[in-house]
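Q: I have a structure here, written as structure tokens, and I will follow up with some questions on it.
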Amino acid sequence: MSDHKPDTPEALEEALAAAFETDPWINRHHSPIRVSVEGDRVILEGRVEHVAAIRRALALAEQLAAPHRAVEDRLRRRPIEPMGDRELRDEAVNAFTGEPVFAGYTLRTHTGDKTETIHDGGPDAGRILVAIEDPGTITLTGSVGSLSHRRLAEALMWWIRGCETVDNCLEIDPPEEDSDDEINDAVRIVLEKDPMVHADLLRIGTAAAIVHLDGTVATEAEKRFAVLDCFSVPGVYDVLDRLQVNR
């Protein structure tokens, strides 16, 4: 992509349309994205095929719009299986209670006008509040112990078939400085958690927030799962997929 920044709203909209057209993770037929420029905001809207399309659209928009315009994310993934608020809440609870990393956390939920405590980890525990306030939207608030925990929490939500978008507002306590190594650690953790992926056969590296994925997989489906797992990790700008299918 050229380093030239579009200097008018019309030019920016055209540049983004062209960038989306050529990006391998954005299928304009399956992931129609509407771009509008309002003052100092670039707004992306639409229902897209998968989380990879969301990550790449936002990354391209931020690259072209910065530093004079902020990008507002209104993109949503089409749910693999539509769910009601209560069912989505239950799936999120199952994801957190089934993950040993979060076993000692205080876990609460908010759906409609009802707030429930699922597990009380005590006054010194990390805490996560899962809120379902809009259909398909999972909002995470509270505090976790590391950047990897924050990233894993979001990836677990993207694995829920009814999830359309994740608003990850979790804070890190104590604060940590982010880096490629932090992203790489989180990607490796997520891949190891996915039962559909043989993570021990993969080689993972991250540079400038771009994940380099090498190794062998058994099927095209496993390859797709591995790539989408990487994109489910917040902070990943792109994935260089060099996986080979062992036919």
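The values are calculated or read from the model by the stated rules, or taken from the named source; none is laboratory data. It should be emphasised that the depicted structure is a prediction, and the values quoted were computed from it without experimental measurement. Cβ coordinates were reconstructed from backbone atoms using ideal geometry, including for glycine residues, and neighbour counts include every protein chain displayed. Accessible surface areas use protein heavy atoms only, side chains included; no ligands, DNA or RNA. Shrake-Rupley method; radii C 1.70, N 1.55, O 1.52, S 1.80 Å.
Q: I need the Kirkwood Rh of the chain: take the reciprocal of the average 1/r across all distinct C-alpha pairs and report it in angstrom.
A: Working: mean 1/r = 0.0526 Å⁻¹.
Across the chain, the inverse of the average 1/r is 19.0 Å.
Q: If you add up the charges near Ala208, with Lys and Arg at +1 and Asp and Glu at -1, over every other residue whose beta carbon is less than 13 angstrom from its beta carbon, what do you get?
A: On the way: positive: none; negative: Asp178, Asp180, Asp181, Asp238.
Result for the neighbourhood of Ala208: -4.
Q: So, in Å, what gap is there between the alpha-carbon centers of region 195-217 and region 75-118?
A: Region 195-217 and region 75-118 have Cα centres spaced 28 Å from each other.
Q: For the chain, modelled as a Gaussian network with Cα springs under 10 Å, which listed residue fluctuates most, Gly122, Gly104, Gly215?
A: Its mean-square fluctuation being the largest, the pick is Gly122.
Q: List, largest first, the extents of the alpha carbons of region 110-225 along their principal axes, each in whole Å.
A: Result, largest extent first: 47, 32, 24 Å.
Q: Nearest 500 deg cm²/dmol is fine: what mean residue ellipticity at 222 nm does the chain get from its DSSP H runs of n ≥ 4 alone, each adding -39,500 (n - 2.57), divided by its residue count? Please report the intermediate quantities before stating the final value.
A: On the way: 6 runs with 80 residues, N = 247.
So the calculated ellipticity at 222 nm is -10500 deg cm²/dmol.
Q: Sticking with this one: Quick check for you: with a 1.4 Å probe and neighbouring chains kept, what is the accessible area per residue of the chain, in Å²?
A: On the way: 12190 Å² over 247 residues.
With the other protein chains kept in place, the chain gives 49 Å² per residue.
Q: I need the trypsin sites (Lys or Arg not before Pro) found in region 1-67, filtered to DSSP loop residues with at most 15 other beta carbons within 10 Å of theirs.
A: Details: sites: Arg28, Arg34, Arg41, Arg47, Arg55, Arg56; in loops: Arg28.
In loop regions of region 1-67 (DSSP not H, G, I, E or B), the sparsely surrounded trypsin sites (Lys or Arg not before Pro) are Arg28.
Q: Cross-link candidates for Lys114: which aspartates and glutamates have Cα within less than 15 Å, leaving aside residues fewer than 8 places away along the same chain?
A: Of all the aspartates and glutamates, those that pass the test against Lys114 - Cα under 15 Å, at least 8 places apart if same chain - are Asp85, Glu87, Asp90, Glu133, Asp134.
Q: Just Ala17, Ala221, Ala61 to compare: in a GNM of the chain, with alpha carbon springs under 10 Å, which one fluctuates most?
A: Judging by the Gaussian network model, the answer is Ala221.
Q: Output the direction-averaged projected area (hull surface divided by four) of the convex hull of the alpha-carbon atoms of region 48-170, in nm².
A: Values: hull surface 32.9 nm².
The Cα convex hull of region 48-170, projected and averaged over all directions, gives 8.2 nm².
Q: Okay, moving on. Using a cut-off of 12 Å between beta-carbons, work out the net charge of the residues near Arg161 (Lys and Arg +1, Asp and Glu -1, Arg161 not included).
A: Working: positive: Arg77, Arg78; negative: Glu81, Glu87, Glu91, Glu164.
After counting each charged neighbour, the total is -2.
Q: About the Cα centre of the chain, what is the dipole size in debye to 20, counting +1 per Lys and Arg Cβ and -1 per Asp and Glu Cβ, all else neutral?
A: Details: 27 positive and 47 negative charges, 143 e Å.
In debye, rounded to 20, the chain gives about 680.
Q: Let me ask you something else. About its Cα centre, what dipole magnitude does region 11-63 give when the only charges are +1 on Lys and Arg Cβ and -1 on Asp and Glu Cβ, stated in debye to the nearest 20?
A: 220
Q: Of Ala70, Ala53, Val233, which is farthest along the charge dipole of the chain in the positive direction, counting Lys and Arg as +1 and Asp and Glu as -1 at C-beta?
A: Ala53
Q: In the chain, what percent of the accessible surface is made up of carbon and sulfur (1.4 Å probe, ligands and nucleic acids excluded)? Each step should come with its number before you reach the end.
A: On the way: 5960 of 12190 Å².
Whole-percent figure for carbon plus sulfur exposure: 49.
Q: So, counting K/R as plus one and D/E as minus one, what does the shell of residues with Cβ under 10 Å around Asp23 add up to?
A: 0
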